[in-house]
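Working notes for the structure below.
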Amino acid sequence: MRLLVTGGCGFIGSNFIRLVLREHPEDEVINLDKLTYAGNPTNLREVEKDPRYSFLKGDICEPSDVEEAFSLRPDAVVNFAAETHVDRSIISPEDFVRTDVLGTFRLLEKARESGVRMLHVSTDEVYGSIEEGSFKEDSALRPNSPYAASKAGADLLVRSYVRTYGIDAVIVRSSNNYGPFQYPEKVIPLFVTNILEGRKVPLYGEGRNVRDWLFVEDNCRAIDLVLRRGEAGGIYNIGAGEEKTNLELTRAILEIMGVGEECIEYVPDRPGHDLRYSVDSSRVRSLGWSPRRDFMAGLRETVRWYSDHREWWEPIKSGDFRRYYLEKYGDI
Ligand code: NAD
Ligand code: DAU
């Protein structure tokens, strides 16, 4: 199969491309990525010389870039490309509406024209927050941040293209991913690298918010399975069942890294901060998927990766990200 992967230079996309090239020797991958601040070509250094891999720098919102990618005649498209950080969507939502909604629309148009399957990568955040129980795939969408609302907008467009034009599209909605190559604006790599730099970790509010932590490779295996075996028009939640409050998560990181609670700096809460995400993953599990990484093992592996790959994150943290960090967190 020849796959067109968008956003493949980001965190999950790069892990997905490595997995596909490793596990499907007959597959080829074309990676269309705009290389925003979050896109890092070194994430794919391991595969860049593989003749089955090719890279196109381009924007999913630009019809000519999407046209060029589809002219390479992919058999399917997997859309990871998005603006992804909730805090940035609160500061500056426009790019989120553009890429996450308009970009998905451009891909849907080409998927409709070419008749190829499109797997759209969504998020558990489209459902909003839930105090008890778990969302199922047919639960109402109640997004609470501009990021989540943009992703929900894209999901509704996908649904409408399935219903109206009968295109072959599937949606995956996963919980919080963690693991190697995650940009250090997200909580786990931010906290781990801050401790490695001798800084404190900025915990929002009282640290009571709950997230379900899914190791990135486990998510990529689920996405790969849904791509090949998912029912046309189907939606699949993907969660690990590893729910932790942010305080529990922070304490686990501190324990692994051998530092104490004095490293926590409680900071003002995120506006509109969703208390808890939880999805029911029985549908993807019925396809034969289950997560392989236990939470503490995955977290230890992740801490080790950031400790061993300072050359990957130090340039990021000392570059443009530094200004973003100082404006947001001050001198923590
Ligand atoms: P990321 O921010 O690490 O990477 C995003 C990638 O998309 C980057 O390589 C960037 O250059 C590229 N990109 C952005 N705008 C583009 C555009 N207009 N055209 C082409 N490329 C563009 O993101 P991630 O964390 O790997 O998330 C990937 C997908 O998974 C997103 O759709 C996100 O909503 C979804 N998701 C992420 C998580 C998570 O925990 N990280 C969980 C659930 C769902
Ligand atoms: O649930 C899936 C979503 O998970 C994805 O769709 C998003 O793309 C991804 O960014 C992630 O969103 P979150 O907002 O849950 O992730 P983040 O790492 O930003 O924050 C995780 C939790 O940690 C959240 O409750 C806020 C808190 N937090 C975050 C940061 C950056 C802090 O306490 N301090 C921080 O500095």
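Since every read-out is calculated from the coordinates, none of them should be taken as a lab result. Everything numeric here is computed off the predicted structure, so don't read it as measured data. Every residue, glycine among them, receives a Cβ derived from its backbone with ideal geometry; neighbour counts consider all protein chains shown.
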>> Taking 25 Å as R0, compute the FRET efficiency from the Cβ-Cβ separation of His24 and Glu248 and round it to 0.05.
In response: 0.10
> What percent do you get for the relative contact order of the chain when only Cα pairs under 8 Å and 6+ apart count?
Replying inline: 17
> Hey, what do the phi angles of region 223-228 turn into as Karplus ³J(HN,Hα) couplings, whole Hz, using 6.51/-1.76/1.60 and θ = phi - 60°, x for Gly and Pro?
Replying inline: 4, 4, 5, 5, 4, 8
> Ranked from highest to lowest mean number of other Cβ atoms within 10 Å per residue, what is the order of the peptides 4-11, 22-29?
Replying inline: 4-11, 22-29
> Within the set Lys57/Lys200; Lys34/Lys186; Lys34/Lys244; Lys34/Lys136; Lys57/Lys317, which residue pairs have Cα atoms separated by over 30 Å?
Replying inline: Lys57/Lys200; Lys34/Lys244; Lys34/Lys136
> In whole percent, what relative contact order does region 12-137 give with Cα contacts below 8 Å and a gap of six or more residues?
Replying inline: 22
>> As I understand it, the dipole of the chain uses +1 on the Cβ of Lys and Arg and -1 on the Cβ of Asp and Glu, about the Cα centre. Which of Asn40, Ser89, Leu21 lies farthest toward its positive end?
In response: Leu21
> In deg cm²/dmol, rounded to 500, what helix-only [θ] at 222 nm does the chain give when every DSSP H run of at least 4 residues adds -39500 (n - 2.57) and the total is split over its residues?
Replying inline: -12000 deg cm²/dmol
> What order do you get for 89-101, 255-267 when each peptide is scored by the mean count of other beta carbon atoms within 10 Å, highest first?
Replying inline: 89-101, 255-267
>> So if I place +1 on the C-beta of Lys and Arg and -1 on the C-beta of Asp and Glu, and nothing else carries charge, what would the dipole magnitude of the chain be about its Cα centre? I want it in debye, nearest 20.
In response: 380
>> Using only Cα atoms and rounding to the nearest 10 degrees, what angle (0 to 90) does helix 295-308 make with the longest principal axis of the chain?
In response: 80
